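Read through the structure below, which is laid out as structure tokens, and then see the notes.
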Ligand SMILES: [Zn+2]
């Protein structure tokens, strides 16, 4: 990150339940680091998970954060230069990024169910316990390295690409490739990466249409997700602001991961990268459970030709049994603690991390 850039940090809660003390501790560290550098703190509402998302949690989330002592200068409730700050309002931006990944052949459609993947040969687990994708739908073409002339400009790109993207995603959703012909039917290696995104999109669309014609008579459609192909064997390294040097092997510590879900929603990895870049975040402070995801995301930054921020991962707060806190730990939700008369300053004083490092 350019040291001349003013520090911009973010809080990125997801309104799928009440925030608990573990979230608060990580967020507090994010706020402290922004304050220590005279930076800007933004709030991003990660509300893409339509199934678990509940409107009541958004209001509660803002209320709980304010009560605890958080203050942000950009966010869904206060606006700002890099909004909208609700992910549900940014779908066009994510679609444009997916188009860029498709144009560079970094992603491929995958119709495997969760069960397909879990029952596939041995199914090794990634460092963060995700099942490593066995490669069932992976085409043989190798997109690495790709020098793409196509640059993604966030401003206005969504409007420009939206309509064609929607057609394509619709087609991707209804397409189903037979196992026997997957290799042949998969999108071919591309010389398209230097063409404009729109031209590439049109070409890909033609490919999809042919696949549909070839298979629709024989298979009931399962919506396809889009999976990012990782460069097997490459070591992804970064220096974490808290844990120091980190190395993860693509294809060993983590495998091909979903960037766009079968239910037509961008996956966490893609939305997070696109937003952190578009919102000019200079340092991402988050929980240590996302260390491996940082390796995944660095690959996305590279494929999308975006500058990656710095990263600082925090130790996870654990309960007395050593389990990491989850939203089911109601007793440690900020809501409950507040109802019981707890004071945020007392709660902070009980945390083990050294304040001086913040
Ligand atoms: Zn698959």
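Every number here is computed from the coordinates shown, using simple stated rules; none is lab data. On a predicted model such as this, the values are computed, not experimentally measured, just so you know. For neighbour counting, all protein chains shown are included, and Cβ atoms are generated from backbone atoms with ideal geometry for every residue, glycine included.
Structure notes:
- Rounded to 0.05, the FRET efficiency of the residue 234 and residue 289 pair, given R0 = 35 Å and the Cβ-Cβ distance, is 0.95.
- Computed label-point distance, nm, for sites residue 349 and residue 66 using a 7 Å Cα→Cβ extension: 2.6 nm
- Cβ crowding within 10 Å averaged over residues, with 92-101, 300-309 ranked highest first: 92-101, 300-309
- Of the residues 74, 56, 315, the one with the fewest other Cβ atoms within 10 Å heads the list, and the complete ranking is 56, 315, 74.
- Multiplying the residue separation of residue 136 and residue 81 by 0.36 nm and subtracting their alpha-carbon distance yields 15.5 nm.
- Residue-span extension gain [residue 116 to residue 263] - 0.36 nm each, minus C-alpha spacing: 51.2 nm
- Sites residue 125 and residue 307, calculated FRET efficiency, Cβ-Cβ separation with R0 41 Å, nearest 0.05: 0.85
- Spread over its residues, the convex hull of the C-alpha atoms of segment 237-290 is 102 Å³ per residue.
- Amide N proximity, segment 241-272 versus residue 88 label position 7 Å along Cα-to-Cβ, cut-off under 15 Å: 265-266
- A crude spin-label estimate for the pair residue 16 and residue 249, with each label 7 Å from Cα along the Cβ direction, gives 3.0 nm.
- Share of Cα-Cα pairs in segment 35-75 lying beyond 12 Å, as whole percent: 68 percent
- Gyration tensor (alpha-carbon) shape descriptor, segment 1-109, a/c threshold 1.5: oblate
- Extension gain, residue 55-residue 338: 0.36 nm per intervening residue step, less the Cα-Cα distance, totals 99.8 nm.
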